[in-house]
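Peer 1: Shown below is the structure under consideration.
The values are calculated or read from the model by the stated rules, or taken from the named source; none is laboratory data. Note that the structure is a prediction, hence the values are computed from the model and not measured. Note that we place each Cβ from the backbone using ideal geometry, even for glycine, and neighbour counts take in every protein chain shown. Calculation scope for accessible area: heavy atoms of the full protein, side chains included, ligands and nucleic acids excluded. Shrake-Rupley method; radii C 1.70, N 1.55, O 1.52, S 1.80 Å.
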Amino acid sequence: MRIYLDYAASTPVAVDVLKTMKPYFSEKYGNSGSLHSFGQEAMAAVDMSREIVAKAAGVDFREVIFTSSATEANNLVLRGVIRALGPKRQLSSKRRKFNGPAYRIIVSAIEHECILETVKDLEKEEAEVIYLPVDKNGLVDLKKLKNSLNERTILVSVMYVNNVIGTVEPVKEIAGIIKNYKADRIKSDWPYPLFHTDAVQAFQYFDCGLASIGADFMTLSSHKMYGPKGVGALAASPTGIKLVKPVITGGGQEFGLRSGTHNVPAIVGFAKAAAIAVADRNKEVRRLAELKNYFCKKLKKIIPSSVFNSPAASAPHIINVYFPGHSAQDLIMKFDLAGIAVSAGSACSVRAARFSHVLEAIGLPPERILGSVRFSFGKPTGREEIDEVLNRIKIIFKKHE
Ligand code: PLP
């Protein structure tokens, strides 16, 4: 029996989600932009899905923009906020004094590649980028954040839960710091900096009400919550939604913010998955925290030399482990041969076979980075499965010791 422990990379589509999606492939297949009844049927499904995702994100109907992925949603916010300002915006005399790009964006050093590669691209011309360092637990340096906020800062982007080690960032505190910074600017109607959080790994386990976090934007991904791949969303605050411009232009779907014919089955499935995730959230967070604790204790008994890279207070579904004297690539192959699917870091970085920038940022030495494996748990993971995994690990390590 194969055992999947890579739920942070992707999740299976839930049975109820698939059932909800099915009619939209070959029965209700209209284009949501068409005026006839087929089109209206599709549009009604998109509208209903938008209501559900908006409720789950604590925003209004018009503040949800469906995208093809979290990657696209992250691109939309980073590039779209700059686009809305325009490169030639007249800056106040104080802001004009700076002799570099007009805008500053602040991100954490451990963001997902789709944030880091995008800001790297923006760094070429459009923006100056400040990378916030993290401590050994992966927590962002709030002092550095406070010191980095300036007149030119238009966006701060810090993820809610890190996908490699599971660190839960203090997003509410970050929102508070930005709010205080704005409040100190007496009589200014300048609405920046805006705050964005990538909540892809958080949504299943933590409250993701945009207003309760205090963020202006939040990114979600369907395939990390038992929905289909190829669909995500950017949720925005009433202020945020007015301050973003489209990156993909065309037929004007998504209130003009993301053109392209709606992927109706995927959107319907995403909404169903989001509703289930919210309903199951409290139960799942407790169940998985217990399971992870059990796994860690047993693993440490079987392989006493193993070291946990994830902080004690990490998200319940992720545990990153260092196995001294082993290479992660090698271990992943051995695990795979034994029927266990795990990951070296984030799924996207496997093919590139490079150092995990996250493990590097928390200060781990090269040999530890190269010997670390990420286990991630999900809804189908139970005690029996964990016991079986531990048995197989024991055998793998006995064979190779
Ligand atoms: N952000 C985080 C934190 C992720 O873990 C991932 C996927 O690994 C993404 C963004 C990208 O999501 P998508 O596959 O929907 O583009």
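Peer 1: If you roll a 1.4 Å probe over the chain with all protein chains in place, what percent of the accessible area is carbon or sulfur?
Peer 2: Numbers: 9760 of 17980 Å².
Carbon plus sulfur share of accessible area: 54 percent.
Peer 1: Ignoring ligands, DNA and RNA, what accessible area per residue does the chain give at 1.4 Å, in Å²?
Peer 2: Numbers: 17980 Å² over 401 residues.
For the chain, the per-residue accessible area is 45 Å².
Peer 1: Given axes a ≥ b ≥ c from the Cα gyration tensor, I'd like to know whether segment 127-242 is rounded (a/c under 1.5), prolate (a/b larger than b/c) or oblate. Walk me through the intermediate numbers first.
Peer 2: Working: a/c = 2.11, a/b = 1.40, b/c = 1.51.
Note, shape of segment 127-242 comes out oblate.
Peer 1: Report the rotationally averaged projected area of segment 258-387 based on its alpha-carbon convex hull, in square nanometres.
Peer 2: Numbers: hull surface 42.4 nm².
That works out to 10.6 nm², a quarter of the Cα hull's surface.
Peer 1: Sorted by accessible area (1.4 Å probe), largest first, how do THR20, THR167, THR249 line up? Before the final figure, lay out each step's value.
Peer 2: Numbers: THR20 45, THR167 0, THR249 105 Å².
So the residues, ranked largest to smallest area, are THR249, THR20, THR167.
Peer 1: Let me ask something else about it. If amide H atoms are built 1.01 Å from N in the plane of the peptide, which residues on other chains or at least 5 residues away come under 5 Å of the amide H of SER157?
Peer 2: Close amide H contacts, sequence-distant or interchain: ILE106, VAL107, SER108, HIS196.
Peer 1: So how far, in whole Å, is the C-alpha centre of segment 34-54 from the one of segment 308-340?
Peer 2: Cα centroid to Cα centroid, the span is 43 Å.
Peer 1: Does the chain come out rounded, prolate or oblate by the C-alpha gyration tensor, with a ≥ b ≥ c the root eigenvalues, rounded set by a/c under 1.5 and, if not, prolate when a/b is larger than b/c and oblate if not?
Peer 2: Verdict is oblate for the chain.
Peer 1: Let me ask you something else. Per-residue counts of other Cβ atoms within 10 Å, averaged by peptide: what ranking do you get for 304-316, 255-267, 194-206, highest first?
Peer 2: Output ranking for 304-316, 255-267, 194-206: 194-206, 255-267, 304-316.
Peer 1: Please list ILE174, ILE130 from largest to smallest accessible area, probe radius 1.4 Å, with all protein chains kept in place. Could the numbers behind the result be given before it?
Peer 2: Values: ILE174 0, ILE130 25 Å².
Result of the area sort, largest leading: ILE130, ILE174.
Peer 1: For the chain, what proportion of DSSP beta bridges, expressed in % and rounded to the nearest 5, is antiparallel?
Peer 2: Details: 19 of 38 bridges.
So the antiparallel bridges in the chain amount to around 50 percent.
Peer 1: On a 1.4 Å probe surface of the protein chains, which of GLU173, GLU126 comes out largest in accessible area, and what is the full order?
Peer 2: Numbers: GLU173 105, GLU126 80 Å².
Result, largest first: GLU173, GLU126.
Peer 1: Would you tell me the accessible area of LYS224, worked out with a 1.4 angstrom probe on the heavy atoms of the protein chains, in Å² to the nearest 10?
Peer 2: Near enough 30 Å² of accessible area.
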